[in-house]
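Below is one structure, written out as structure tokens, with a few remarks after it.
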Amino acid sequence: MRIIVVSAGLSSPSSTRLLADRLVAATLDHVDAETEVIELRDLAKEIAQHFVTGFPPARLAAALDAVAAADGLIAVTPVFAASYSGLFKSFFDVIDKDALTGKPVLLGATGGTARHSLVTEHALRPLFTYLRALVLPTAVYAASEDWGEHGLAQRIARAGAELARSIAPGTRPLTLDVDTAAAIAPRSLTGAITSALPAQGLEVVPFEQRMAALRAE
């Protein structure tokens, strides 16, 4: 089993590569697999040559073949101008149109502010859906202030477990404790948990009771 990681970070060290490495570690907690990291900054010249000539240089061809042959893909990009980076998009522009068909893909992105947190949904997910990849439900965005926070670690753990189950269906599902459920459950504008499992010990308030409380205010 082989997982390929595509990282579009430009600096070294890079928060994009750091997120990619943590997603790999979270996946390997649940499944045994070989991993390979493709740093797109090292292939920038070859990608540009491919656009001009129509033929990939040897290093780029090897990277494209590795992605096509992978059992699963982790793709992480920094956010530039509220979307994926141009280098990230260029790599997936030159990949074969059928290379990702049905392939499990875990999406990640990094940025300086939480305002870009939906980039995984409005930019990355549509791109990989167009490429007919099997995009996993949990995508992970990490803003600068997220590093070291419990919530980011829990999102990474959940995403890694999803990728492991996708490439190895017999993998044991991730068991969530109450704190983990609180960290990753969808939240309302007030921060209240809006989706959680009653079996995990969290009180579920009936909708009618919530409405009555609002009318009483």
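The values are calculated or read from the model by the stated rules, or taken from the named source; none is laboratory data. The structure presented is a predicted model; accordingly, all values stated were derived computationally and were not measured. Virtual Cβ from ideal backbone geometry, glycine too; neighbours counted across all protein chains shown. Each accessible area value is taken on the protein alone, full model and side chains, heavy atoms only, with ligands, DNA and RNA left out. Shrake-Rupley method; radii C 1.70, N 1.55, O 1.52, S 1.80 Å.
Is there a residue being surrounded by 15 or more Cβ atoms within 10 Å (Cβ to Cβ), within 27 Å of residue 73 (Cβ to Cβ), out of contact with any strand residue (DSSP E or B) (no Cβ under 6 Å at 6 or more places or on another chain) and at pLDDT 70 or above anywhere in the stretch 129-143?
yes
For the stretch 181-202, check the following and say yes or no: at least one residue is under 20 Å from the mean Cα position of the chain (by Cα), surrounded by 11 or more Cβ atoms within 10 Å (Cβ to Cβ), hydrophobic (A, V, I, L, M, F, W, C) and modelled with pLDDT of 70 or more.
no
Quick check on my filter: what residues within the stretch 1-16 are of a type outside the set (Gly, Ala, Ser) and more than 13 Å from residue 79 (Cα to Cα)?
Hits for the stretch 1-16 are 1, 2, 3, 4, 5, 6, 13.
Answer yes or no as to whether residue 81 is exposed (fewer than 15 other Cβ atoms within 10 Å of the Cβ), in contact with a helix residue (DSSP H, G or I) (Cβ under 9 Å, 6 or more places away or on another chain) and over 30 Å from residue 168 (Cα atoms).
Considered against the rule, which asks whether it is exposed (fewer than 15 other Cβ atoms within 10 Å of the Cβ), in contact with a helix residue (DSSP H, G or I) (Cβ under 9 Å, 6 or more places away or on another chain) and over 30 Å from residue 168 (Cα atoms), residue 81 comes out as no.
Just the residues that are under 20 Å from residue 15 (Cα atoms), part of a helix (DSSP H, G or I) and touching a Leu at 6+ places or on another chain (Cβ under 8 Å), please, taken from the stretch 45-103.
Within the stretch 45-103, 87, 88, 89, 91 qualify.
Is one or more of the residues making up the stretch 10-33 open to solvent by less than 50 Å² (accessible area, probe 1.4 Å) and farther than 25 Å from residue 150 by Cα?
yes
Under 6 Å between Cβ atoms, at least 6 apart or on separate chains: pull out the pairs that start in the stretch 104-116 with a residue that is on the phi < 0 side of the Ramachandran plot and end on any residue that is open to solvent by 50 Å² or more (accessible area, probe 1.4 Å).
Every condition considered, the pairs that remain are 104/134; 110/15; 112/144.
Does the stretch 144-157 contain any residue that is open to solvent by 70 Å² or more (accessible area, probe 1.4 Å), at pLDDT 70 or above and in contact with a strand residue (DSSP E or B) (Cβ under 8 Å, 6 or more places away or on another chain)?
Within the stretch 144-157, one or more residues are open to solvent by 70 Å² or more (accessible area, probe 1.4 Å), at pLDDT 70 or above and in contact with a strand residue (DSSP E or B) (Cβ under 8 Å, 6 or more places away or on another chain).
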